[in-house]
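Below is one structure, written out as structure tokens; the observations come after it.
The values are calculated or read from the model by the stated rules, or taken from the named source; none is laboratory data. Predicted, not measured: the structure shown is a model, and the values here were computed from it. With ideal geometry, Cβ positions are generated from the backbone for all residues, glycine too; neighbour counts draw on all protein chains shown. SASA here: full protein model, heavy atoms, side chains in, ligands and nucleic acids out. Shrake-Rupley method; radii C 1.70, N 1.55, O 1.52, S 1.80 Å.
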Amino acid sequence: MNPPEPRLRRRLDVRGQVQGVGFRPYVFRLAQQHGLGGWVANDGRGARIEVEGPAAGIAAFEAALPVELPPLAVLTACTAADLPPLGERDFRIVASAAAEGSRPTVTPDVALCQDCRRELFDAGDRRYGYPFITCTNCGPRYSIIRDVPYDRPKTTMAPFVQCPPCQAEYDNPASRRFHAQPNACPACGPALRMVVPSTPPTEQPPSSAERDRRATSHRACHPPHTPPLNVVRNAADRLRRGEIIAMKGIGGYHLACRADSSAAVGRLRERKLRDGKPLAIMVPDLDTAHRLAWLAPSDEVALLSTAAPIVLVPRRDLARSRFGGEPGNRVGRDASDQAHRLDCNSVEPAAPALAPLVAPGCHTLGLLLPYTPLHYLLFAEGLGPLVMTSANLSGEPLCYRDHDAMNGLQDVADAFLLHDREICRPIDDSVVYSWRERIVPLRRARGYVPQPISVPTLAGAPPILALGGDLKSVVGLLQDGEAILSEHLGDLEHPAAYRNFLAAIARLRQLFDFHPRLLACDLHPRYHSTRYAAELGLPLVPVQHHHAHVASVLAEHGETGPVIGLACDGTGYARDGTIWGGEILLCERGACIHLGGLEPFPLIGGDAAAIETWRPAAALVARVYGNNWRTVWERWAADRHTIPEAAQSVLFARQWEQGAGVRTSSLGRVFDAIAYLLGLCDRNRHEAEAALAVEAAAASWPEPVSPRPCPPRDTDGLIQIDVAPLVRALVEQQAPQGLEVARCAAEAQATLAEALVGGVLVAVARTGVRTVALSGGCFANRLLLEGLVERLEQRQLHVLFHERTPPGDGGLALGQLWVAAWQQRGDR
């Protein structure tokens, strides 16, 4: 008789996205399958497993562990240690415990899964029509977590004590809802209700003591409420009549109205104080998306992803875009149609017509698919596309508290669709576009945050807090070689946005038990984020704006350099007090050398020069034509009858002649000037409106165009890119009409791309560096990105661009972390 195989015991410390994704039940089932005893628990940094049994069983368990993970689980590290056997033969899930200095990976909020969608519309299911159906594979995560480890008492689901059937599912390892923290049903979970503004405002948010009291009361006996489907039908009827509804979602409130009603969209814009900025559109399914826009396969991938972002896609009701997808070119058509078809006797609508005010002057639409049960239930009532925009007044942060929404939006919304699950961490929808089958994020928020960005070359750096910039604010933490970036926080000029910025920093530090030893911020001395950094009293590394832009690409791609960086945006403070925005840099690790960029020109009027597009236009004309500029300018204006009175004033001319105004090399201001000279935009009502107008016009021109030569030159050792030939062409041509405007815009885009490439090639020749990194807000312009990448790759250069963080200021914090970490090591 063979002696019994000796028993072993092994501890596995697992890191990655393993909390709130069904990882513990998965480990439980896997251990039972291999006949092992022991336990699994969440801890402050991930999960800990102890398994005991025969050596062969433990080896098989370890081999299988990373192979069949739950859909949302991600393993980034697993360390093993042998322990003395304890004789355990049963496997169990034990209570979680936080660890000192813990920092787990927290799962983002994700879209409703297909299994839950099926149950939502199954009349025989006990969660039929329940707006908060969820399971281990979908639903809210980051927005409801208060602390780690991720267990129900540490989420905003704590007050909702599960009824016996829900508790049985939660306790059953074979259930899809085993240890699903947001698990609930109509008998014990959150409830939906409709409120009209005449109703008194809701009570103030409960205190922590009140939340604890509610958590101990049994929710299975909560008072009866209106059946959720009746509330949904009421909301659908109101939307159908053209009303505006403030809807509480996963990360905050949306303002919703019919996207095909000019009256409703007009009222929404007027009430929200949002003049001209495009509005996001939620569509019922992919078929509707295809009727509205030209979708490339990568657009479908983005729309169908668990992140469910807003995807910018070329619209069908305008001329074909040069980067639009082919009609009928579908990815996984059968599967995606099945997943997004509503099964409540809904009738597929005809091709919808959108209100012109949804996205005026834009060649793209921001589309997103339903991602919560409530969205699906609304569309099952036969609604067409809905405007679904963040519920906030212009410049203010997202509304997410019921009391704030009821008071702050009472003059905006006709009704409020509320629920009683608290939002702990407000978070906007993400915005992306696809290009070359890759996703370029423009706003990184719900669905992506707080996924870490691994930066292994910075593993030895101390904990660093980066404060980002003041526009499109995002803050970042660096610890143990991973960067955690916050959600989009808005523009800090608004007091409410600045308060949200401070609160977001506190929330992140608490969640990740983060104690910085070093700070990084923008170089601009008047940025609110920079001033706040100076108040914290920690060692501080100010990082020049465009250096941080290029560094963010290096961090994303794990490249230490050297690279030639091309940073193009609207505004960035330089050490010499000028405003950069079209710069060529040589970057390696934490060091940066300025090689040149667009030839600077003065801006007259201060901040007004970023709003009134005639100002950069007049300044460029003055620089190009010298002493004769006023005659040229007035003749050009007389031909077009568009010049504002202020532009003809003696004051502007006197300021120019006296050398007033800050000098800038901003590509963003060059786009403003082009838009004005082409008659496309005389005022930026929202950020980059003029640049968007130029891109839209250029994208509608279907034929290739030839760029005008703008060769770079050497000025005191700096590479200078002179756009004078382009300015002359725009001024001296006859006033373009109709399609001629599109052709001129396309020529301007091509000329700028060719001119920038020319400057980069000089830098390549000087340095021998053949990797180029593109960053800055101007690369939200897909045509500019396309023009540069194609031209650079034709010269056999390796090109890096953004795929995980926004090219605009939403990526600054990652670049600041990178530079500060290297400079802390002495690399300057």
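Here are a few things to note about the model shown:
- For region 727-732, 3J(HN,Hα) per residue [Karplus equation, 6.51 cos²θ - 1.76 cosθ + 1.60, θ = phi - 60°, Hz, x = Gly/Pro]: 4, 4, 4, 5, 7, 8
- Distances between placed amide hydrogens fall under 5 Å for residue 91 paired with 38, all partners being 5 or more residues away or on another chain.
- The chain: relative contact order in percent, alpha carbon pairs under 8 Å with at least 6 residues between: 12 percent
- Straight-line cross-link partners of residue 248 among the lysines, defined as a Cα under 19 Å from its Cα and at least 8 positions apart when in the same chain: 272.
- Compared with the dominant principal axis of the Cα atoms in the chain, helix 689-699 is inclined by about 90°.
- Local net charge near residue 119, Cβ-Cβ under 10 Å (Lys/Arg +1, Asp/Glu -1): +2
- Among beta bridges from DSSP that stay inside the chain, the antiparallel ones total about 75%.
- Carbon plus sulfur fraction of accessible area for the chain, probe 1.4 Å, in percent: 52 percent
- The DSSP beta bridges internal to region 40-192 are antiparallel in roughly 75% of cases.
- The Cα trace of the chain gives Rg and Dmax of 28.2, 108 Å, the first to one decimal, the second as a whole number.
- Over region 269-308, accessible surface divided per residue gives 30 Å², non-protein components excluded, 1.4 Å probe.
- Proportion of all alpha-carbon pairs of region 526-598 beyond 18 Å (%): 43 percent
- Helix 23-33 axis versus longest C-alpha principal axis of the chain: approximately 40°, rounded to the nearest ten.
- Nearest-ten-degree value, helix 782-794 long axis tilted from longest Cα axis of the chain: 80 degrees
- Measuring between their Cα centroids, region 553-605 and region 169-201 lie 49 Å from each other.
- Per-pair calculated FRET efficiency, R0 = 30 Å: residue 794 and residue 493 via Cβ, rounded to 0.05: 0.10
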